[in-house]
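Comments concern the structure below.
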Amino acid sequence: FSPAVTAGRAQVQQEPLAETTEGTEISINCSHPSIQTGDYIYWYRLLPGRGPELLVWGTKGSKALSDPPGRLSVAADRRSSALWLAQPRRRDAAVYYCAVG
């Protein structure tokens, strides 16, 4: 996991490491305290040997993911978000990161 990514004017921060076992749900958190009204929240992942893959994007509330199964949840004040993976598999092992812009 990337500890910090800067996207334009909004800095985002993530926990440096999050681990789980196959089939056990996990929540990956992202803080973006400087988010602006028109900004979107994006969650990507980097699979080994491949380029970035956009998983989900949103502005507020909750949004479901189909592959991998899970959900994006955005806090009411939009200053943080979380990517929840319901049953991650070995093939989902990757670097997950968020961006705002």
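The values are calculated or read from the model by the stated rules, or taken from the named source; none is laboratory data. Quick caveat, the model's predicted, so the values are computed rather than measured. Cβ: placed from backbone, ideal geometry, glycine included. Neighbour counts: every protein chain shown. With ligands, DNA and RNA removed, areas are computed over all heavy atoms of the protein, side chains included. Shrake-Rupley method; radii C 1.70, N 1.55, O 1.52, S 1.80 Å.
Laid out as a table, the results:
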{"item": "Whole-Hz ³J(HN,Hα) from phi, Karplus 6.51 cos²θ - 1.76 cosθ + 1.60, for the range 65-73, glycine and proline x", "result": "10, 9, 9, x, x, x, 7, 9, 10"}
{"item": "Distant-in-sequence amide H partners of Gln11 (H built 1.01 Å from N, under 5 Å)", "result": "Ser34"}
{"item": "Built amide H within the under 5 Å cut-off of Val56, gap 5+", "result": "Trp43"}
{"item": "15 Å cut-off, amide nitrogen to a point 7 angstrom out along Leu65 Cα→Cβ, residues in the range 76-94", "result": "81-94"}
{"item": "Dipole of the chain [Lys/Arg +1, Asp/Glu -1 at C-beta], most positive-end residue of Gly23, Trp43, Pro88", "result": "Trp43"}
{"item": "Solvent exposure of the range 20-100 as accessible area per residue, Å², 1.4 Å probe", "result": "55"}
{"item": "Rounded percent of accessible protein surface that carbon and sulfur make up, the range 20-100, 1.4 Å probe", "result": "50"}
{"item": "Point-charge dipole on Cβ atoms (K/R +1, D/E -1) for the range 20-100, about Cα centre, debye to 20", "result": "40"}
